[in-house]
Amino acid sequence: MIQRLFSSFLAHKNPSLNGAITLYSDAVVVVVGSEADVIVDSVPITSTTEWSTVIEMLIAKHQLAGSQVAVILGQGLYQSLLIDKPELGADELALALPYLVKDLVNEAPEDIVADGFSCLQNDRLQVFVSTRQQVAKIIAACKSAGCDVGCVTVESVVWSEFTADNRSQLIVHRYGNGNLQLTAFSQHKLFFQRQLRGFDVSLVAMPNTDAQSLQLDSLALELQRSLDFVSAQLRDDSISQLLISCDNDDNHQLAQALNDRLNVTVKALVSPQPSLTSTAARVTWAGFKQGFDSAINLYSQHLQPKRQWLTLNNMLLSWLALTVLIATVSGCYSFKSRQLSPEIVSNNGQLTAAQTELALIQKQLLLHIVSPIKQQRVSVLEQEISAKQATLKAVANHDASLLVGYGEVLTQLAAAASTDIAIERISISAAGMNVNGSARIPDAVPRWLSTFNRYSTLAERRFQLLTIDRDDSNQVRFSLQAQRLQGIN
């Protein structure tokens with residue numbers, strides 16, 4: 001039972017895209033396999049009411065149960081609209097699209113599903129619309145057969161799989177005996193769509209040669225009109241090639257006939273797989289190839305069923321996982337406990353011995369407690385020592401020049417005399433020296449001071465303040481204050 005629960009859980013969690021289904025009003029086409037080798041299967045129907053039965057039959061036949069498929073809606077099952085681009089964010093736009101196109105469709109907004117993308121003209125939005133009932137019917141049929149739907153896209157978009165990355169191309173395609181469809185792409189992005197009516201199914205195999213030539217001329221004229229319009233819109237990236245994929249016609253012969261009538265290259269669309277012999281098969285293969293990368297997905301997130309996590313299977317899996325986790329953790333703790341038991345016993349013995357030794361040391365410590373009176377006396381002695389140390393430091397800093405006088409300072413001042421300087425007052429102390437006098441010119445004072453470096457005693461003094469000004473008689477006066485930093489020898 002446990003193995004079955006896990007298998008069911010993984011099957012729903014990791015589906016893979018293994019095929020694609022294209023729906024038409026008269027057929028259902030499926031493509032399964034890999035990129036290198038695909039199988040194409042087609043079942044004709046008489047009404048869309050047969051969709052459910054045929055979808056379930058094809059899913060069972062090709063063993064697609066448990067996987068995801070891409071669904072492509074063929075021509076006539078959706079509407080293509082071009083509207084002005086609203087100023088909305090991506091999340092808001094997805095919900096607002098049904099209401100933005102409500103005036104262009106016959107159904108109410110709540111009855112339609114829509115998706116779109118920006119055109120090459122940034123102010124327009126290409127929108128594709130289908131009915132909610134139609135999409136829900138397809139989803140229900142796939143789920144009934146055990147298959148999930150990854151995305152629901154449209155035929156017009158998946159044709160881009162056959163176009164080149166670096167050029168603009170126009171695909172002329174026809175499904176069965178329907179009308180001709182023109183779909184233009186620029187850099188893999190849908191740019192233009194048009195339907196041409198009134199052209200016979202076989203364009204190059206008519207019994208009347210004149211009628212055939214006339215019809216080809218008419219087709220070439222319509223194609224040229226479309227090419228002119230598209231080229232005018234694309235400007236520097238005009239259509240450079242036409243691709244032909246028309247059922248019930250010789251595409252190579254048709255391409256050659258149009259080559260003679262148009263000024264662009266026309267080629268038959270080359271199928272990447274030999275089994276892709278029809279337009280429906282090519283469309284289905286293109287939808288399978290694009291998969292989740294398709295520009296359109298009408299099966300949006302708000303339409304997809306919400307995952308129910310509180311199911312019986314999930315609850316049983318949760319309980320089983322929790323039980324295994326608890327048992328594992330309990331076993332680990334028991335194993336660790338058995339491993340650590342001898343070490344715990346040893347550590348407890350060491351702890352007891354350490355506690356006994358600590359109690360003995362605490363008793364011995366009580367015998368060495370210092371008396372408060374002795375502590376107070378030590379504090380007084382430390383203060384007295386600090387005071388005496390401060391006194392000795394002051395005596396050590398006393399100016400030694402007091403012992404020998406200031407004769408040497410005065411002698412060196414006399415030697416440094418200048419004819420431009422007149423000293424009127426000198427004040428010398430242990431902490432500094434002040435000099436006041438007059439000068440012939442202001443520049444004489446700095447020059448005189450620069451000569452102090454020649455004399456040992458004067459060179460040891462540093463100036464703190466120098467003032468130079470003029471008195472009432474316009475005489476230059478100066479005042480010099482200097483402080484000696486080192487002792488005079």
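The values are calculated or read from the model by the stated rules, or taken from the named source; none is laboratory data. Everything quoted here is computed from the prediction, not taken from an experiment. A quick note on method: Cβ atoms are made from the backbone with ideal geometry, for glycine too, and the neighbour counts reach across all protein chains shown. Ligands, DNA and RNA are excluded from the accessible area calculation, which covers all protein heavy atoms including side chains. Shrake-Rupley method; radii C 1.70, N 1.55, O 1.52, S 1.80 Å.
Within region 231-267, being of a type in the set (Lys, Arg) and within 48 Å of the chain's Cα centre (by Cα) holds for Arg235, Lys267. Looking at Leu254, is it surrounded by 21 or more Cβ atoms within 10 Å (Cβ to Cβ), within 29 Å of Asp41 (Cα to Cα) and at pLDDT 90 or above? When the stated conditions are applied, Leu254 passes them.
When Leu227, Leu221 are screened for being without any contact (Cβ under 8 Å) to a residue 24 or more places away in the chain, under 29 Å from Val127 (Cα atoms) and among the hydrophobic types (A, V, I, L, M, F, W, C), only Leu221 passes. Please tell me if Ala431 is of a type in the set (A, V, I, L, M, F, W, C), within 30 Å of Thr467 (Cα to Cα), at pLDDT below 80 and not assigned by the TED database to the domain that holds Gln464. Judged against the criteria, Ala431 is not a match. Test of understanding: among Leu242, Leu180, Leu234, Leu219, which residue is modelled with pLDDT under 85 and surrounded by 14 or more Cβ atoms within 10 Å (Cβ to Cβ)? Criteria check complete, one pass: Leu234. Taking the listed residues Ile39, Ile21, the one that is in contact (Cβ under 8 Å) with a residue 60 or more places away in the chain and either open to solvent by 80 Å² or more (accessible area, probe 1.4 Å) or farther than 27 Å from Lys143 by Cα (or both) is Ile39, with no other qualifying.
Within region 452-481, the residues that satisfy the criterion of being closer than 16 Å to Glu408 by Cα and either out of contact with any helix residue (DSSP H, G or I) (no Cβ under 6 Å at 6 or more places or on another chain) or at pLDDT 80 or above (or both) are Phe452, Asn453, Arg454, Tyr455, Ser456, Glu460, Arg461. Which residues, counting only those in region 257-270, are part of a loop (DSSP other than H, G, I, E, B) and farther than 16 Å from Ala164 by Cβ? Asp260, Arg261, Leu262, Asn263, listed by residue number.
A quick yes/no check of all residues on (1) more than 19 Å from Ser294 (Cβ to Cβ); (2) open to solvent by 20 Å² or more (accessible area, probe 1.4 Å):
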residue: Leu64; (1), (2): no, no
residue: Ser67; (1), (2): no, no
residue: Ile83; (1), (2): yes, no
residue: Leu88; (1), (2): yes, yes
residue: Ala114; (1), (2): no, no
residue: Ile139; (1), (2): no, no
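In region 191-203, the residues that are among the acidic types (Asp, Glu) reach residues that are assigned to a loop (DSSP other than H, G, I, E, B) with C-beta atoms within less than 7 angstrom, at least six apart or across chains, in these pairs: Asp200/Met206. Quick check: anything in region 118-138 within 28 Å of Ile55 (Cα to Cα), among the hydroxyl-bearing types (Ser, Thr, Tyr), assigned by the TED database to the domain that holds Leu23 and touching a residue at least 12 places away in the same chain (Cβ under 8 Å)? Within region 118-138, one or more residues are within 28 Å of Ile55 (Cα to Cα), among the hydroxyl-bearing types (Ser, Thr, Tyr), assigned by the TED database to the domain that holds Leu23 and touching a residue at least 12 places away in the same chain (Cβ under 8 Å).
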